[in-house]
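A short worksheet on the structure shown next.
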Amino acid sequence: MVKARVHSIETMGLVDGPGIRVVVFMQGCKLRCAYCHNPDTWDKNGGFEITVDELLQKVKRYSIYFKHSGGGVTLSGGDPLLQPEFVIEFFKRCKEEGIHTTLDTSGYGIGMYDEILKYTDLVLLDIKHIEELEHKKLTGYDRHGFLEFLDALKRNNTKLWIRHVVVPGITDGEEHISALAEYINTIPNVEKIELLPYHVHGVNKYKELGIKYRLEGVEPLSKERLEELKRIMNTKLKDVLVK
């Protein structure tokens, strides 16, 4: 019986894929992003255990909402790629039930990507940074894992939504945003791009967990600055506009 470690389950979600969705936040993440607002999902042994059958039964309760809104289920995290056997079996069962499947990931897993993507309708891909050194400073890892997963996405012709967190002093430079747009232009099947403003909603979790918050004192990104960066990005993008 395939099981997973899950942090929490959100019903009636509206931002993690199309339509109304059940969003499952899975435990475990390799990255240690400076701005992460869910440090309580890092530990792969945290949360609670659930089987594929148990989760599928929970998700199926919302099938009427999926049908009328074009929604479905999203596996998020942490990073679901660290529990590939569960993702494969769960998404396979979802497809048998006609439920749309979305994978929210930074691309750092342990393999089995082609089999996962066989049952994945959409990937929400979080691009942390496009420069090697800055990526490692921001996340603790180089870009190899991301690039390996990106190759699998291209190989499988998977539909993508791109996400990028804009952090003051780190990823809010106009040159960076322009270069990011040019990089996205090289990625096929991108249907949507989201620039997400840095916020401090999860800072209290660091205090509770006894972890030092690395961006202490960095103010949230203003709406005005975000809109300005979107305009700059849209001048560089070819096939899709940032929302």
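Quick notes on this one:
- Whenever a residue of segment 149-171 is among the polar types (S, T, N, Q), its partners that are assigned to a strand (DSSP E or B), lying with C-beta atoms within less than 9 angstrom and at least six residues away or across chains, give the pairs 158/103; 158/122; 158/123; 171/164; 171/165.
- For residue 230, the conditions (1) open to solvent by less than 40 Å² (accessible area, probe 1.4 Å); (2) closer than 21 Å to residue 107 by Cα; (3) out of contact with any Ser or Thr (no Cβ under 9 Å at 6 or more places or on another chain); (4) among the basic types (Lys, Arg) all hold with the exception of (2).
- Residues satisfying the stated conditions in segment 157-205, i.e. open to solvent by less than 10 Å² (accessible area, probe 1.4 Å), closer than 21 Å to residue 34 by Cα and in contact with an Asp or Glu (Cβ under 9 Å, 6 or more places away or on another chain): 162, 164, 166, 171, 198, 202
- For segment 1-16, the set of residues classified as over 19 Å from residue 83 (Cβ atoms) and either at pLDDT 95 or above or open to solvent by 70 Å² or more (accessible area, probe 1.4 Å) (or both) consists of 11, 12, 14, 15, listed by residue number.
- Those residues of segment 49-97 which are outside any helix (DSSP H, G or I), out of contact with any helix residue (DSSP H, G or I) (no Cβ under 9 Å at 6 or more places or on another chain) and charged (D, E, K, R), in sequence order: 49, 61
- Test: residue in segment 112-129 that is surrounded by fewer than 19 Cβ atoms within 10 Å (Cβ to Cβ), farther than 30 Å from residue 63 by Cα and either touching a residue at least 24 places away in the same chain (Cβ under 8 Å) or touching an Asp or Glu at 6+ places or on another chain (Cβ under 6 Å) (or both): no
- Filter pass, residue 41 being modelled with pLDDT of 95 or more, open to solvent by less than 10 Å² (accessible area, probe 1.4 Å), in contact with a Lys or Arg (Cβ under 9 Å, 6 or more places away or on another chain) and hydroxyl-bearing (Ser, Thr, Tyr): no
- Of the residues making up segment 10-32, those that are touching a helix residue (DSSP H, G or I) at 6+ places or on another chain (Cβ under 8 Å), assigned to a strand (DSSP E or B) and under 30 Å from residue 142 (Cβ atoms) are 24, 25, 26.
The values are calculated or read from the model by the stated rules, or taken from the named source; none is laboratory data. In this text the structure is predicted, and so the values were computed from the model without any measurement. We place every Cβ from the backbone using ideal geometry, glycine too, and count neighbours over all the protein chains shown. Surface accessibility is based on the protein's heavy atoms, side chains included, excluding ligands, DNA and RNA. Shrake-Rupley method; radii C 1.70, N 1.55, O 1.52, S 1.80 Å.
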